[in-house]
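For reference, the structure is listed below as structure tokens.
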């Protein structure tokens, strides 16, 4: 596995691979890798010739500076995991390599920027689109592999790719869960053993809604989920919504062609998100 730290170095490597007609699969990450990330790399390795992974903790997508400071950065462990995976190139740039001083960015994301994650993390998706645009420009991938857990982020990036006519196709890959249902997340490391148990309420609420989807109305399903989520004092719900999976707007009936349930909550001081496709 090659480790490259400069945009020029990555661009040169990609150019050489493209001249050999190799297809490039790209997995953008912020490190603290887990089985969810490794599943993206595995799928990328099955569908493309060369897998490129980036690790970059992007400062522009954090609303809270303390969140940025405490974001886990176990880089040696990450490198070992990548060496044992299908990754052929790791792009590991410094902040100064990706951003110049006084840089500005504003992409019209419409209502996607003000609902669900956008509502609770203002400016977050501007930071996400800013860095992913930079990474796509330099990695020049045929396919970008993203996790379903950040469902709204996938929608936002699809909007960006279309709006800016970027020559890359996004591939959304399934959520990877622990045996007890908890969605894998780099943030799970911050949960105490007691909080880890309470965090199961997120996936429990989603599985319960999935189980009763055919038999109950949308309001009944939401009520059932919120009752589960509010059963623990240390869990603070930010939202639980049942939405059209193509628009992310709330649905009141099951007539939409595709439906998804999404949840965000703080367990102690750790913010977690999860979702499940219902239809």
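Each reported figure results from applying straightforward, stated rules to the coordinates on display, with no laboratory input. Here the structure is a predicted model, which means the values were calculated and not measured. Counting neighbours? That spans all protein chains shown, and the Cβs are built from the backbone with ideal geometry, glycine included.
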Does a label point 7 Å from the Cα of residue 216, set along Cα-to-beta-carbon, have any residues of the stretch 173-210 with amide nitrogen under 14 Å, and which are they? 204-210
Can you tell me the 0 to 90 degree angle between the C-alpha axis of helix 124-139 and the longest principal axis of the chain, rounded to 10? 30 degrees
Cβ-based exposure ranking for 159, 212, in which fewest neighbours within 10 Å come first: 212, 159
Just to be sure I understand: of the beta bridges DSSP finds with both ends in the chain, what percent are antiparallel, rounded to 5? 50 percent
Cα-only radius of gyration and Dmax that characterise the stretch 2-173, units Å: 15.4, 45
In degrees, nearest 10, the alpha-carbon axis of helix 218-229 is tilted away from the dominant principal axis of the alpha carbons of the chain by 80 degrees
Relative contact order [Cα under 8 Å, 6+ residues apart], the stretch 1-158, whole percent: 35 percent
Ellipticity estimate at 222 nm from DSSP helix runs (n ≥ 4, -39,500 (n - 2.57)) divided over the chain, nearest 500: -11500 deg cm²/dmol
Could you work out how far helix 151-163 tilts from the main Cα principal axis of the chain, as a 0 to 90 degree angle to the nearest 10? 50 degrees
Give the peptides 98-110, 144-156 in descending order of average Cβ contacts within 10 Å, highest first. 144-156, 98-110
Run through every distinct alpha carbon pair of the stretch 41-102 and return the Kirkwood hydrodynamic radius in angstroms, one decimal place. 13.5 Å
Could you order the peptides 193-200, 214-221 from most to least packed, using the average number of other C-beta atoms within 10 Å per residue? 193-200, 214-221
Kindly identify the stretch 11-55 as rounded, prolate or oblate by the Cα gyration tensor criterion: order the square roots of the eigenvalues as a ≥ b ≥ c, call it rounded if a/c is under 1.5, otherwise compare a/b with b/c, prolate if a/b is larger, else oblate. oblate
